[in-house]
Amino acid sequence: MGTVRCLKCRECNREYEPDFRYICEDCFGPIDVEYEIPSVLTRELFSNRQEKSYWRYFELLPIANKNNIISLGAGFTPLQLADRLGEQIGNLKNIFIKNDSVNPTYSFKDRPAGVAVSKAKEIRLRAVGCASTGNLASATAAHAAKAKLPCFIFAPSDIERVKILQALSYGAEFVAVDGTYDDANRVASVIGDSKGIGVVNINMRPYYVEGSKTLAFEVAEQLGWQVPDTLIIPVGSGAMLNAICKGFEELENLGLVDDVSKMKIIAAQPHGCAPIVDAFKNKSNEVRPIEKPETIAKSLAIGDPGDGLYVLRRLAQYNGIAEEVTDEEIVDGILALAKTEGIFTEPAGGVSVAALKKLVQDGRIDKDENIVCYVTGNGLKATEAIVDVLPKLDAVKPDIQVVSALIR
Ligand SMILES: *Cc1c(COP(=O)(O)O)cnc(C)c1O
Ligand SMILES: [Zn+2]
């Protein structure tokens, strides 16, 4: 079982009993989960497990009783050797795609949402929810359905219905706030605390982020317990990038992998919403919010990233680079990945691939490096991003000679 030792402030290190709390009372810093790690964890133990989901690492996840686990089978997704993509980008030999587009609700958010909903069940909250309309809403709603918990999606009332169709199908209730995303967020935060609702990315955040750690565990295990040289990670709030770093550090502390200090972390953002890249390039440690994000990568359109500062610290710690790519490069990235590897991703994954390509072309990534490129969501989620660049269909007569002449 994952034995949580305490909740610990990331800034002042104050420790708290593991309960329903997400900011430090002393310094308002964010809270992380610390574990009582059993000493028997070995590579063999994990590698021999039959469980084909991220719950194969349950000792390192914050659920005390296995009966409280709500699993849709997310995780343990393919790590695909992308030799064809590598060849097209420029003779890359050791490039892998971590393909998280094939999770149950079609994005990596099944990892954090699944852990948060399980924890909500464990501490007997009456309902769960989130302030999101995208992948997080779907992932939370699906796990809530399986957990038999009501789920509330807080969002502005004027969003397009198709954006929440998936979440509504799982039975979630839509709280249509007549205001902005900030208003919806604030309402979710206050209502969550006052009504005992586990808002997965707000008051459940310490537990929520733990799920994304498994993106490190799986990659390490799938590489035969090796740490990649270079990791390319798409960044919105920055929570996932931080969690991946925490995951590798936990593996090192357990002796399951060697030195993680040499890995190189690349934070990839879309040009229309790249506040962390801006700060990185200006060598500033202040992330200045983007008022109006404009990008096809909606999953990454977070103007004021909650974990922005921590991403900058991670980049400093791990030989990091932050880079941005344009909408056009994102579309090229989506199509390159689809056409060479048979993986259809949403724009967030296109951002990873496009950043990889850019850094290789600039000579900032070497051909021989062992690279893992995180592809975090499915292309079917955002077909509007590519519909205009795909070939138009010209009608052809049902005449064998005419068709035959067309097909070379
Ligand atoms: C949420 C999301 C991200 C970004 O994750 P953060 O933790 O917000 O940085 C990346 N890709 C997809 C598909 C997402 O849904
Ligand atoms: Zn503190």
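Bear in mind these aren't lab numbers, they're just calculated from the coordinates by the rules spelled out. Predicted, not measured: the structure shown is a model, and the values here were computed from it. Note: ideal-geometry Cβ built from the backbone for every residue, glycine included; neighbour counts use all protein chains shown.
Going by alpha carbons, how many degrees (0 to 90, nearest 10) lie between the helix axis of 181-195 and the longest principal axis of the chain?
30 degrees
Residues with amide H under 5 Å of E173's amide H, sequence separation 5 or more or different chain, H placed in the peptide plane at 1.01 Å from N; which?
C151, F152, I153
Please give the length that would be gained between R186 and E11 if that part of the chain were fully extended, namely 0.36 nm times their separation in residues minus their C-alpha to C-alpha distance (nm, one decimal).
60.7 nm
Give the Debye-formula value of log10 I(q)/I(0) at each listed q (0.16, 0.18, 0.24 Å⁻¹), with one equal scatterer per alpha carbon of the stretch 1-91, two decimals each.
Normalising to I(0) and taking log10 leaves -0.81, -0.89, -1.16.
If you take the Cα Rg of the stretch 293-362 and divide it by 2.2 N^0.38 Å, with N the number of residues, what do you get?
Dividing the Cα radius of gyration by 2.2 N^0.38 Å gives 1.19.
What per residue convex hull volume, in Å³, comes out for the stretch 267-408 when only alpha-carbon positions are used?
137 Å³
Normalising by the residue count of the chain, find the relative contact order in percent from Cα pairs under 8 Å and 6+ residues apart.
15 percent
How large is ³J(HN,Hα) for each residue in the stretch 109-116, as worked out from phi by the Karplus curve 6.51 cos²θ - 1.76 cosθ + 1.60 (θ = phi - 60°), to whole Hz, x for Gly and Pro?
Karplus values, whole Hz, x for Gly and Pro: 4, 4, 6, x, 5, x, 5, 5.
Is it possible to state the helix-based mean residue ellipticity at 222 nm for the chain, with each DSSP H run of 4+ residues giving -39500 (n - 2.57), the sum divided by total residues, to the nearest 500 deg cm²/dmol? What is it?
When only DSSP H runs of four or more count, the value is -10500 deg cm²/dmol.
Once you compute Rg and the Kirkwood Rh from C-alpha atoms, what is the Rg to Rh ratio for the stretch 328-402?
My calculation puts Rg/Rh at 1.15.
Over 29 Å between Cα atoms, which of K109/K246; K119/K292; K298/K358 qualify?
K119/K292
Figure the gain on full extension for S261 and R43 (residue separation times 0.36 nm, minus the Cα-Cα span) and round it to one decimal in nm.
That works out to 76.5 nm of additional length.
Taking every DSSP beta bridge that has both residues in the chain, what percent is antiparallel when rounded to the nearest 5?
Once the DSSP bridges in the chain are tallied, antiparallel ones form about 30 percent.
Can you compute the radius of gyration and Dmax for the stretch 40-144, using only the Cα atoms, both in Å?
16.6, 53
Rg over Rh of the chain, using C-alpha atoms and the Kirkwood radius, what does it come to? Provide the component values of the computation, followed by the final result.
Numbers: Rg = 21.2 Å, Rh = 21.7 Å.
Ratio of gyration radius to Kirkwood radius: 0.98.
I23 versus L406, label points 7 Å from Cα toward the beta carbon: distance in nm?
6.0 nm
Which lysines, on any chain, are close to K392 with Cα under 22 Å apart, when same-chain ones fewer than 8 places away are left out?
K392 reaches K339, K381.
In Å, what Kirkwood hydrodynamic radius results for the stretch 209-261 from the alpha-carbon pair distances?
11.0 Å
Return the sequence-ordered ³J(HN,Hα) values of the stretch 161-166 in whole Hz as given by the Karplus equation 6.51 cos²θ - 1.76 cosθ + 1.60 applied to θ = phi - 60°, using x for Gly and Pro.
Listing the rounded values in order: 4, 4, 5, 10, 3, 4 Hz.
Near the amide H of K264, under 5 Å away, which other amide H atoms are found, from residues 5 or more places off or on another chain, if H is placed in the peptide plane?
T230, L231
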